[in-house]
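In what follows, a structure is listed as structure tokens, so that the remarks can point back to it.
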Amino acid sequence: MAHLFLGEDDFSKKEEIKKTAQKESLEVVSFFDYDSEQEIRQAAMDSTLFGGKKLICVYDYFSRGFDQSILDDIKNSINSVVFLEKKLDKRKAETKKILANKNLKVVEFNIPTGSEFSSWVKNQAKKYNLKLSGKAMDLFLNRLGVSFNTSNYSEPLYDLWQADSELRKLKSFASDNIVTEKNVLDLVSENTDDDIFRITNAIGEKDKANATKFLVEYMDKYAGSDEKSKIIGLSGLLSEQFRNILVFQKLLTQKTSDKEIANLTGYAPGRIFVYKKLASRFTEQKVLEILRKIELLDLEVKTTQGPASLQFFMIIDSAMK
């Protein structure tokens, strides 16, 4: 029987493929670029040079418009066949037929969020025999930006590749010792996107109270010891944020698909989701206006001794009008 691995969680898909291949001693053969169904049929039915079995991984088969007739042809294949799709429109009649096909086992892979992600991290740490203190684990999750998964946004900004990489880094450093908060602070890359997205979203919603609150929290937490360096650092991050929003506005105007956006930007699905939301909160004219004001502020802060934070808050206030 063929399998369909459906969802955005590419990390877990790859892990499942690796586990299956090792368990059953299968040679993995991947198809990313192919011109016809016949290529896949042929690969599914052929054995290896020495008579061994293969695990055939076929990417984006159904989303490219190929139909499900292949499933009848390969149901008795000597090889295992896995179709991998990030997303299929479940409203379409053809998709419903594919998902209901008795010759296809569908397994969904969604990126875990909230408590599910915390459990995933703990299980992954256990897999590596990595021990973190309770506070170290909380800090680890916080530095990945997990706290931003609120009612405003339904997708995470982190991805499992990043989380796994950081866990491996801690394991290399700590070996069999317990990881402390200091170890996490020293070694785990901080995801500041959480804070910057919250600030930008509050500006877009014209929520002055939260915009001010998030700005103050950021300045207390990041980007230098003196006021000027904090404002310079923050203005740079916000400029980058609004430039990205401008790019997304143009992509959305051109009706660019999420898949094409991912190929162009290299962004994970969660980041694309958030930028699309933010792009809808501003007009292009307002984004350009904000960018110009931040640029002027940055120049003034670097060349004068005026009250940098006051000037910055005035710009943010004007952005919400």
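Where a number appears in this text, it was derived from the coordinates with a stated rule and is not lab data. Here the structure is a predicted model, which means the values were calculated and not measured. No Cβ is skipped: glycine too gets one built from the backbone with ideal geometry, and neighbour counts run over all protein chains shown.
Along its first, second and third principal axes, ordered by size, region 177-221 spans 48, 16, 13 Å in Cα coordinates.
Given a cut-off of 23 Å, name the pairs among Lys122/Lys171; Lys86/Lys171; Lys250/Lys277 whose C-alpha atoms lie farther apart than that in the structure shown. The answer is Lys86/Lys171.
Cross-link partners for Lys53 among the lysines, with Cα-Cα distance under 24 Å and sequence neighbours closer than 8 places in the same chain left out: Lys13, Lys14, Lys18, Lys19, Lys23, Lys75, Lys102, Lys105. Shown in residue order for region 113-130 are the 3J(HN,Hα) couplings computed by the Karplus curve 6.51 cos²θ - 1.76 cosθ + 1.60 at θ = phi - 60°: 10, x, 5, 5, 5, 4, 5, 4, 4, 5, 5, 5, 4, 4, 4, 8, 6, 9 Hz (x for Gly and Pro). Each Lys and Arg contributes +1 and each Asp and Glu -1, all at the Cβ; summed about the Cα centre of the chain, the dipole is approximately 520 debye.
Hydrodynamic analysis of region 2-108 uses the Kirkwood radius over alpha carbon pairs. Inserted into Stokes-Einstein at 37 °C and 0.692 mPa s, it gives a translational diffusion coefficient of 233 µm²/s. Counting Lys and Arg as +1 and Asp and Glu as -1 over every other residue whose Cβ lies under 15 Å from the Cβ of Ser12, the net charge comes to -4. Annotation note: trypsin sites (Lys or Arg not before Pro) in region 1-84 located in DSSP loop regions with a Cβ neighbour count of at most 11 within 10 Å are Arg64. Of the trypsin sites (Lys or Arg not before Pro) found in region 229-268, the ones in coil according to DSSP and having at most 14 other Cβ atoms within 10 Å of their Cβ are Lys255.
Rounded to the nearest 10 degrees, what's the angle between the helix 160-174 long axis and the longest principal axis of the chain, both from Cα atoms, 0 to 90? Long axis of 160-174 versus the principal axis of the chain: about 80 degrees.
With Cβ to Cβ distances under 9 Å as the rule, what net charge do the other residues near Ile70 carry (K, R +1; D, E -1)? It works out to a net charge of -3. Annotation: the antiparallel percentage among DSSP beta bridges lying fully within the chain is about 0.
Distances between placed amide hydrogens fall under 5 Å for Lys131 paired with Val179, all partners being 5 or more residues away or on another chain. Shown here: percent of Cα pairs over 24 Å apart, derived from the displayed model; of the candidates (i) 61; (ii) 64; (iii) 71, it corresponds to (ii). Distant-in-sequence amide contacts of Cys57, defined by a placed amide H-H separation under 5 Å and a gap of 5 or more residues or a different chain, comprise Val29, Ser30, Phe31, Val82. Per-residue Karplus couplings for region 245-259, computed as 6.51 cos²θ - 1.76 cosθ + 1.60 with θ equal to phi - 60°, are listed in order as 4, 4, 4, 5, 4, 5, 5, 6, 4, 7, 6, 6, 6, 4, 5 Hz, Gly and Pro entered as x. Charge tally for Ser280 (other residues, Cβ to Cβ under 13 Å; Lys, Arg +1; Asp, Glu -1): +2. Once the dipole of region 193-319 is set up with Lys and Arg at +1 and Asp and Glu at -1 on Cβ about the Cα centre, which of Gly236, Phe197, Ala268 lies farthest towards its positive end? The listed residue farthest towards the positive side: Ala268.
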